[in-house]
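Here's the structure we're looking at; comments come further down.
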Amino acid sequence: EIPTIILTGTADLADAVEAINEAKVFGFYTKPCPTVLLADGILEALKMPETASVRPGNPSEQLSPAAFNLLPLGIFVADQNANVEFMNDRAAKLIAQKDGLLLNTKGVLRADHTNLTNALHQAIFNACTPGSDKSEDIALSLSRTSGKRDLSVFIASSRYDDAAQHAQRAMIFVTDPEQPVEPSEKVLREMF
């Protein structure tokens, strides 16, 4: 239940994703890290309300990340400020490409271009606003600096109302047309 921050010089993005998703690490910083950024992270961790711990062996808590990793698209869960609280493996791979979608040092999801970042953030904010008439699902196309085909992004409200916070989370689904989903040979054999 104690907020944990990791400061390391030897980790990669996969380690960060695993630490955030599996170990529930509050912050993950890589060296060299500006002192101001680390201090801000510590202050944010100190402001966290105490949360009830999840009972060990809770099936839904263990199943969800594994189930999300089976899907052929990137999935992010973010708060109204676009702070990423969860991402599946495919989403982490998209972030690692640094082409179309990025994650800044504070864990905020953004696009390659400012105008697209603004549209992404507005859509996330709207999805997280309970009862908002603007909280409908939104689709965006995010261009990429590499010149590859645009990422397709679909943003929807989690429709989960946290009674304590009165805030919802945005579910962000991303598909990359450059990586088509192909069924395995085994699946095709079983189908036919």
Cross-link pairs Lys93/Lys186; Lys148/Lys186; Lys31/Lys148 - those with Cα-Cα distance over 28 Å = Lys148/Lys186; Lys31/Lys148
Check: C-alpha center the stretch 171-192 vs C-alpha center the stretch 71-90, spacing in Å is 20
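Laboratory data are not the source of any read-out in this text; all were calculated from the coordinates shown. Just so we're clear, the structure is a prediction, and the values are computed from it rather than from any experiment.
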